[in-house]
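Engineer: Encoded as structure tokens, here's the structure I'll be asking about.
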Amino acid sequence: MNSLKQVPNILLNDGQSIPQLGFGVFQVPPLQTAEAVSEAIAAGYRHIDTAMSYANEKGVGEAVQNINDEVFVSTKYFNPDDATHGFRDAIAGFETSSKMLGQSKISLYLIHWPLSLNDRLVESWKGLVELKKSGRVPSVGVSNFEPLHLQKIIKETGVTPSVNQIELHPYFQQQTLRKIHAELGVVTEAWAPLGQGKVLQDPVLIDIGKKYGKSSAQIVLRWHIQLGNVAIPKSVKPERIRENFDIFDFELLPEDMMAIKQLDRGKRNGLDPNTYVFPKNYRISGHRIADENS
Ligand code: NAD
């Protein structure tokens, strides 16, 4: 097994630490999740990212329950529409996730989507702040928040999220939001750190990889680490899970960091938090099972 010392920790604004490389389980089928997470743990990952809406928290819980080392687990409050935002709802969401994971404490709890910029959003955030005060969750944060969402919850509660988990990869580098995070003391966590596989055929990344004897996926993940992002790549293939972890024995030179910076297209793969609303009848049972090669 790889040495755990290889993964740096980042200090959060609440005094807790987060392993900079984690394992994401979006679209990992519920019945395959325990196996995939066990593979990741065997490879050395000690940070797993799930969400209530992924419908696979149970599998994550099964895989981490008998591990002697501490595993950092984050999950997300599922709020498909404005009506489900709220103080009590956020706390109830946490209780459900906590049961599914089989853990009374969860390392990091996030609001999954901001949706509208209204008071219910602030109420959800107050719910997370309450959970933190009660000691059930050492760190609280958000996901897919834009600057206005961040400003609103901070202004109205005085509590700054520890993390904002956002889409971020070489084709969508989020330079403005990263700068705002740095000013606010919010750690940037990259979802789709590999651009959901779509950046990996880029000739620039492949060429850089040849120089270091690494794959384009490893180059991209190393770039995240050197930028100071937390990255949570997903795969269900054991060889890729291991490959994505094997990024702590080399360092990208400044000119290679610069070459990757030039790849930014400013274009999202995923949903735009400024415009997105969940489909009216979206429910967790609507979980889509995606083939990794599709
Ligand atoms: P990703 O960038 O991690 O890409 C995953 C895909 O890349 C895999 O399905 C596979 O096809 C390919 N891949 C992975 N490793 C590879 C390798 N070594 N070589 C070749 N191909 C490889 O995309 P993601 O899964 O969407 O994002 C990662 C995690 O981020 C998720 O699992 C989830 O935990 C989180 N996430 C959060 C949100 C949010 O709204 N907060 C949204 C999407 C994802």
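The values are calculated or read from the model by the stated rules, or taken from the named source; none is laboratory data. Note that the coordinates shown come from a computational prediction; the quantities given were computed from them, not determined experimentally. Neighbour counts are summed over all protein chains in view; Cβ atoms, including those assigned to glycine, are modelled from backbone coordinates with ideal geometry. For the accessible areas, the whole protein counts, side chains as well, though only heavy atoms, and no ligand, DNA or RNA atoms are used. Shrake-Rupley method; radii C 1.70, N 1.55, O 1.52, S 1.80 Å.
Engineer: Please compute the modelled spin-label separation between Asp119 and Glu255, points set 7 Å along Cα→Cβ, answer in nm with one decimal.
Structural biologist: Once both label points are built, they end up 5.9 nm from each other.
Engineer: Averaged per residue, what accessible surface does segment 121-229 expose to a 1.4 Å probe, in Å²? Can you show the working numbers first?
Structural biologist: On the way: 3940 Å² over 109 residues.
In whole numbers, segment 121-229 has 36 Å² accessible per residue.
Engineer: Any idea how far the Cα center of segment 238-276 sits from the one of segment 122-160, in Å?
Structural biologist: 27
Engineer: Then there is this: Considering the dipole of the chain built from charges on the beta carbon (Lys and Arg +1, Asp and Glu -1) around the Cα centre, which of Trp223, Pro29, Met52 is farthest to its positive end?
Structural biologist: Of the listed residues, the answer is Met52.
Engineer: Which far-off residues, 5 or more places away or on another chain, put their amide H under 5 Å from the one on Val25, with H placed in the peptide plane?
Structural biologist: Correct list: Asp49.
Engineer: Measure nothing fancy, just the Cα-based angle from helix 175-184's long axis to the longest principal axis of the chain, in degrees from 0 to 90, nearest 10.
Structural biologist: 60
Engineer: If you line up the long axis of helix 119-133 against the longest principal axis of the chain, both from Cα atoms, how many degrees apart are they, to the nearest 10?
Structural biologist: Orientation of helix 119-133: about 80 degrees from the principal axis.
Engineer: Of the chymotrypsin sites (Phe, Trp or Tyr not before Pro) in segment 197-284, which ones lie in a loop per DSSP and count no more than 14 other C-beta atoms within 10 Å? Provide the component values of the computation, followed by the final result.
Structural biologist: Values: sites: Tyr212, Trp223, Phe245, Phe248, Phe250, Tyr276, Tyr282; in loops: Phe248, Phe250, Tyr276, Tyr282.
Sparse-neighbourhood loop chymotrypsin sites (Phe, Trp or Tyr not before Pro): Phe250, Tyr276, Tyr282.
Engineer: Run the reach check for Lys152 against lysines, Cα to Cα strictly under 24 Å, same-chain hits fewer than 8 apart removed. What comes back?
Structural biologist: Qualifying lysines at Cα under 24 Å: Lys76, Lys126, Lys132, Lys133, Lys179.
Engineer: With viscosity set to 1.306 mPa s and temperature to 10 °C, compute the Stokes-Einstein D of the chain, Rh being the Kirkwood radius across alpha carbon pairs; µm²/s, no decimals.
Structural biologist: Working: Rh = 19.2 Å.
In µm²/s, the coefficient is 83.
Engineer: Quantify, in whole percent, the carbon and sulfur part of the accessible surface of segment 135-288 (1.4 Å probe; protein heavy atoms only). Spell out each step's value before the answer.
Structural biologist: Details: 3740 of 7110 Å².
Reported share for carbon and sulfur atoms: 53 percent.
Engineer: Calculate, for Thr176 and Leu31, the FRET efficiency according to 1/(1 + (r/R0)^6) with r their C-beta to C-beta distance and R0 35 Å; round to the nearest 0.05. Each step should come with its number before you reach the end.
Structural biologist: Numbers: r = 40 Å, r/R0 = 1.15.
The formula returns an efficiency of 0.30 here.
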